[in-house]
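Here is the structure we will look at.
Read-outs throughout are calculated quantities, based only on the coordinates presented, and are distinct from any laboratory measurement. Keep in mind that this is a model prediction, so the values were computed, not measured. In this analysis, Cβ positions are derived from the backbone assuming ideal geometry, glycine residues included, and neighbour counts consider all displayed protein chains.
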């Protein structure tokens, strides 16, 4: 039973949580009022982690696919297996293939209408500070994660997990030692944060490294999505 839970947890790089209707909240303005450096956010539903950036912090043209979400206030970037991640009803076979052999990847890009703490009230969200140079390196990492095959902007490969998200072809290969959370860890390491990607497989592996370096916010009833 534990093995089955582990396989599903590693392969199930789903979205941060079930989204709710956005409301006004002062947290949405916090990331735009940083005096030194830039605020970034990491969201986790207990299985999957995503990197969240405020639209106001992105330079025009950075990660061209964000233009598909003209009304977004924040962007959440996630990465995972190209078959399991977008599948409406993934099977055990999909999960096994996802972790036991290198497989193609996809990028999940969500154009959030509000701060992730409002859109995903059941998720844990950690706010982190990075330098301007670190933020630029992070954006470059995210941009290079999209497989554009010589074009200036990739076309979506599938509808996303939410009405305000889409999947795009991605660089890299997904497997047991290169999960969605490993990808997130590499992104944060590129930003200059003290994260060890080689020690990161699960969402908790990553969030446990981050809690001492930022502010963590979790709902009172927070629990991993799809946990038994």
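Suppose the chain between residue 132 and residue 152 were pulled fully straight at 0.36 nm per residue; how much longer would it get relative to their current alpha carbon spacing? Write out the running numbers ahead of the final one.
Values: separation 20, 0.36 × 20 = 7.20 nm, distance 2.49 nm.
Full extension of this stretch gives 4.7 nm more.
If I model segment 129-168 as equal point scatterers sitting on the Cα atoms and use the Debye formula, what is log10 I(q)/I(0) at q = 0.15, 0.22 Å⁻¹?
Treating every Cα as an identical point scatterer, log10 I(q)/I(0) equals -0.51, -0.80.
What order do you get for 49-55, 205-211 when each peptide is scored by the mean count of other beta carbon atoms within 10 Å, highest first?
49-55, 205-211
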